[in-house]
Structures are given as structure tokens and as C-alpha cells.
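See below for the structure under consideration.
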Amino acid sequence: MKTKAIERIPEDRDRRAETADLSASAGDRRPLRHELRTLLALAGPIVVSQLGTVGMNTVDTLMVGPLGAEALAAAGVGTAIHNTVLMISFGVLIGMSPLVSQAHGAGDVDRSRRVLVQGLWLALALSVVVAGVSLAGTRVALLLGQDPAVAELAGRYMIALAPGAAPMLLFLAARVYLEGLGIARAPMLVMLLALGLNVPMNWILIYGVEGWIPPLGVEGAGWATTIVRGSMLLAVLGFFLRRSELRPAPAAGWRLEPSLLRQIVRVGAPIGGQLGLEVGIFALAAIMMGWFSPTALAAHQVTINIAATTFMVGLGASMAGSVRVGYHIGAGSRDGVRQAVIGTYLLALGFMGTCALVFLAAPEALIGLYTRDPEIVALGASLLIVAAFFQLLDAGQTAGINLLRGAADTRTPMILAAVGYWGAGLPIAYGLGFHTPLGPRGVWIGLALALGIVAALMGRRVRNVLWHGAFSRAEG
């Protein structure tokens, strides 16, 4: 990647307040509480957007739950396979983020718009891969050793998800661009709209409308998600129509720029790889649960959905930290970078530590929100106890990874993640799960240890790169 030494950028006092105070002078030695307020202002809408993303999976799980353990297991397998490929693709698109935020910090409006155009082209290309894997869902599930009945249901669910791949990735590219500029409320409102629409669409398509629409079961949940994703794309397009200053400049147009596209991929591909490693190990954990029984898989699906919901808040705070680090690097402020590091860790660890206490206090009640099957509730509650202990570890690893992304440092974190997740966590999870009496609980203990290893490795990398390292701005 070509880089150049950062020069101080004078303060632009006319930038909009909507950018969550990103326009404040990056050279000032502002107190930590000011950085925390700025992070909170940016993190709040990002957190809601993240919760909206996982909320659609939560709604699917809650509304499929009454269909029984087999249907719940199929939704779990289908979601694991589809979301693994989707999240890898999203990771590649996140390569846009440091380029946009650093350009914004340097006052380079044209460059941020050009990054958007290349990101949209990249999203279209990636959607072909996501849709292709989803169309082959039944075969993939069978190759992963799932029960044939569960695999067939999961395949139908994923076929319904396939047409929504392109709208979702186009929306995500637009979201990364807007959040990189500090404009996080618009994507948040779109996600809230989508979450509200997902409930009635699920109800209509899963259970049908007598005399009008036949019940489609698990497959109906997939079609509901696809319809909602299309509405998300339309909504964000409407926002861009209203805000002409955010659209690509006429001079740049919609042409492909191979050098800039390669730079997005160069930064984003390791992010996609790291997300694939992370999502993949949890997806493989779901597959391993299916080797125990459909009940174990159903309990895992419910528990991971709860843990993923709380994780989205820590992730949202960490993504805000990534934007802040990128902005401060673009503006040439070492002190600003350090304030962003401290603030991000405080927010992520503080919230997820609170969630751990809730998990410990009422595990059965939380699992009972999804299902009344006593076997699923009992096993899910025991898994949620393990999840409580890895909340802080999960916060630490996601804060470190996202802070490094703000500096476009993505390749080494991917390698460190591979060591933690797959080099250590996977063999431990398999060994404890299938060669000790712990069974499904052993798999989750292995996941917790993997998160702890990655958190420690990322913390050291943050210290070396962001605290003591030499900064440079990514350039195309």
C-alpha cells in the first residue's frame, strides 16, 4: 500500500454537526471525557444499526421456534452458512472505512466519494458469491454432516435468502461510507425500518394468511428477510437522492478505478478473512452441535443469538473507535488516536461486562424467551453461563481489531486471529466437546478460550501500532 507522512490539517469549522463532532480540531489535547462523548454520539446509531442486523436473525429465530426443534435447527444451520459468506463479503467492504475516514479527516471530499463508487461495484461482485453459496445450501449442509431432514429445510431457507444478497451488500457499502463520514443516523433509521417490517413479513410468510397465502414455514422466514433487504436498499437510495453533496461527483462518475478498487480490496480482504475466521469458527461450532443432536443445535442457536445481540453493542462502540482512529490519523493527531483507543476499550468492556452479569443472573429466563422445550432451555442456560464469562474477552478482541482497522492495519490482525481462533480455539473446543464429559459445554469453553487469546494478541498489537507506532495515511 502506498503511504505518505501525515501533515496537520487545519480545522474546518463549517462541517456539519451531523458528523458527530468529527470536525473538531484533531491537534488539540482534548480531555478523555470529550473523546468519550464524541465516541458515544457516533457509537449510538452504529450500535442500533448492528442490533438491527442481528435483530432480524433474532426475529427469525423467535418466530421459527414454535415450529419445533428441527425447524429451529434448520434456521440455525442455514443462518450459519449464509452469514459466514455474507460476513466475509462485508469484511471486504469494510476496507472502504479507513480510506473514507482518513480522507474525511484530511478534508478530501472527492476521494471519499470515489471510494463509495468502487465499493458499490465491489458489493455487486461479492453478491454473486453469496447468492451462489446460498443456492447450494442443501449440499453444503449435507457435506457438513447435518441430518438430511435438517439439511433439506436449511437449503430451502437459504434459497429464499439468495435474491437478497445484492441489495444487502449494496446497502452495507453505503452504510460503511456514511459511517466513515460520521453520518450514522441514516443507516440506523433504515435498520429500524427494516426490523419493524421484518416482523409482519415473517408472520405472513411463515404462518400464512388463510385463503390468501399458504404457510411457508422456515422458507417463509428467508423470503421475509429478502423482501426486507430490498426495502433497505430503496431507503438508503432515497437518502442519497435527498443529499446530493454525498453522492459521487460528476467528474468521477461511476467508472471503475482499478487502482482504488485494488486498495479497498488490499485493506478489506484481510478484514474479510478475519471475519471469516471468527464467524467460521462459530459456524463450525453450530455444525459440531448438530453432530450431538438437533436439540443441542437448537440450544446453541438460541444461546448464540442472545450472545450475538449483546456483542453488537460492543462491536458498535468498537466500529465508532475505528472511525475516530482513522479521522485522527487523517488529521495528524497522535493524542487524538490515543484518546480514541482508551475510550473505545472503556465503552466496549463496560457494556459487555454489564451483560455478563445479566447472563449469570437469569439464564433460564433468557432462553425461555425463545422456546419452552425443557431440554433446550436446560442446555441453553448452561451454555449461557459460559457465554457470560467470554463477554469481556469478546469485547477486548473486537475493540482491538476495529481500532487497528482505523489505521488500515488489517493483515497482521488476520494472522493473529487465525492463530487464536483456529490454531488454539478449534482444537480445544473439539477436544473438550467430544473427548470429555463436558459435551456441548466443552465446545463453548473452547470458544471462550479462543476469544481470550485473540483479545490478548490484539491488545499487544494496538499498543505497538497505535500507541507507540508511526502513523501514515493510506493513499491510492
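Can you pull out every residue in segment 286-295 that is at pLDDT 85 or above and surrounded by fewer than 24 Cβ atoms within 10 Å (Cβ to Cβ)?
The answer is M288, W291, F292, S293, T295.
In segment 313-329, is there at least one residue being within 30 Å of G439 (Cβ to Cβ), buried (at least 24 other Cβ atoms within 10 Å of the Cβ), among the small types (G, A, S) and out of contact with any Lys or Arg (no Cβ under 7 Å at 6 or more places or on another chain)? Yes; the residues of segment 313-329 include at least one that is within 30 Å of G439 (Cβ to Cβ), buried (at least 24 other Cβ atoms within 10 Å of the Cβ), among the small types (G, A, S) and out of contact with any Lys or Arg (no Cβ under 7 Å at 6 or more places or on another chain).
Filtered by the rule that a residue be outside any helix (DSSP H, G or I), touching a Leu at 6+ places or on another chain (Cβ under 7 Å) and farther than 30 Å from A340 by Cβ, segment 389-448 gives a lone residue, L438. Cβ-Cβ contacts under 9 Å between residues 6 or more apart (or on different chains), taken from a first residue in segment 444-462 that is farther than 22 Å from R411 by Cα and without any contact (Cβ under 8 Å) to a residue 40 or more places away in the chain to a second residue that is aromatic (F, W, Y) and not in a helix (DSSP H, G or I), are listed as L449/F390. Residues in segment 209-241 that are assigned to a loop (DSSP other than H, G, I, E, B) and closer than 16 Å to Y157 by Cβ: P215, L216, G217.
Of A162, A154, A166, all but one fail to be buried (at least 24 other Cβ atoms within 10 Å of the Cβ), closer than 17 Å to L86 by Cα and modelled with pLDDT of 90 or more; the exception is A154.
Here A131 qualifies as within 30 Å of A184 (Cα to Cα), within 22 Å of the chain's Cα centre (by Cα), assigned to a helix (DSSP H, G or I) and among the aliphatic types (A, V, I, L, M). The residue that is farthest from P258 (Cα to Cα), counting only those in segment 134-147 that are without any contact (Cβ under 8 Å) to a residue 40 or more places away in the chain and in a helix (DSSP H, G or I), is L142.
Looking only at residues of segment 242-259 that are farther than 18 Å from L181 by Cα and either outside any helix (DSSP H, G or I) or touching a helix residue (DSSP H, G or I) at 6+ places or on another chain (Cβ under 6 Å) (or both), we find that the one that is modelled with the lowest pLDDT is A251. Filtering segment 97-114 to residues that are out of contact with any Ser or Thr (no Cβ under 9 Å at 6 or more places or on another chain) and either under 14 Å from L246 (Cα atoms) or modelled with pLDDT of 90 or more (or both) leaves G107, D108, V109, D110, R111, R113, R114. Screening segment 201-236 for residues that are surrounded by fewer than 15 Cβ atoms within 10 Å (Cβ to Cβ) and either more than 14 Å from A166 (Cα to Cα) or small (G, A, S) (or both) and picking the one that is farthest from the chain's Cα centre (by Cα) gives G211. Within segment 318-375, if we keep just the residues that are among the hydroxyl-bearing types (S, T, Y) and modelled with pLDDT of 90 or more, the residue that is nearest to Q301 (Cα to Cα) turns out to be T354. Somewhere in segment 91-113, is a residue under 23 Å from A285 (Cα atoms) and either surrounded by fewer than 24 Cβ atoms within 10 Å (Cβ to Cβ) or in contact with a Leu (Cβ under 9 Å, 6 or more places away or on another chain) (or both)? Scanning segment 91-113 turns up at least one residue that is under 23 Å from A285 (Cα atoms) and either surrounded by fewer than 24 Cβ atoms within 10 Å (Cβ to Cβ) or in contact with a Leu (Cβ under 9 Å, 6 or more places away or on another chain) (or both).
Within segment 387-409, the set of residues being over 13 Å from A455 (Cα atoms), buried (at least 24 other Cβ atoms within 10 Å of the Cβ) and not small (G, A, S) comprises R405 only.
The values are calculated or read from the model by the stated rules, or taken from the named source; none is laboratory data. Values in this document were obtained by computation on a predicted structure and should not be read as measured data. With ideal geometry, Cβ positions are generated from the backbone for all residues, glycine too; neighbour counts draw on all protein chains shown.
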